[in-house]
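Undergrad: Before we start, here is the structure in question, set down as structure tokens.
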Amino acid sequence: MTDVGSPIRVMLADDQKLVRAGFRSILDGEDDITVVAEAGDGAEAVRLAERVRPDVVLMDVRMPVLDGLEATRRIAANARLSDVRVVILTTFDLDDYVYTALKAGASGFLVKDTDPVELIHGVRVTARGDALLAPSVTRRLIAEFATRIKLPPPSRDLEQLTEREREVMTLVAGGLSNDEIAARLVVSPATAKTHVSRVLTKLGARDRAQLVVLAYESGMVRPGWLG
């Protein structure tokens, strides 16, 4: 998570130079965002992430040498990069990759032809770790692909959660932000944020995206439960 007042440091990983140039021109135009590195393949993305430690990586799925999913998995598995958040860049015909990407450690995803305003908002949201990108779309996709996985036995880690924390986790799985969770539970946003932080700590999860995956895989929530 970025420090207050510090610009959000972004790395672009895409094998198409024009795509990277377009994203750079949009993001560098914002006072609170700066592009610090560009990678043309997944292996280079992993190396650069280790070297420059950006706050957010915009990662294409299909790249040479190493694809975006494996690059994401390696970044997420690197303890030294625990503060790096990866956003997968996808197209509608690549939706099958979305659930796999979140399971690999991605913090969310954006459609490649997203509007500039949504791109900028997505980077800011991811950098502060507040919520998944495009929660309504994310919710639909995760719900769809969660039906394809075989549910494991309930995790003992979930037994650590209080009843209220389990309730908060199900709302996170529904794509709700802290403010929305606060409104749903009739508590303050600060209290909701505290509950989410405790759940993350108890389950050893990187971020909210991991909580979504854990909630579906454990059977805590079922596709379509929140509407």
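Undergrad: How big is the C-alpha Rg of region 4-73 next to the rule-of-thumb value 2.2 N^0.38 Å, as a ratio?
TA: For region 4-73, the normalised Cα radius of gyration is 1.06.
Undergrad: What shape does region 1-124 take by its C-alpha gyration tensor, where a ≥ b ≥ c are the square roots of the eigenvalues and a/c under 1.5 counts as rounded, a/b above b/c as prolate, and the rest as oblate?
TA: Here region 1-124 falls in the rounded category.
Undergrad: For region 173-216, list log₁₀ I(q)/I(0) at each q in 0.24 Å⁻¹, using the Debye formula over Cα point scatterers of equal strength and ignoring solvent, two decimals each.
TA: Cα-only, vacuum Debye calculation for region 173-216: -0.83.
Every number here is computed from the coordinates shown, using simple stated rules; none is lab data. Since we're looking at a predicted model, the values are computed, not measured.
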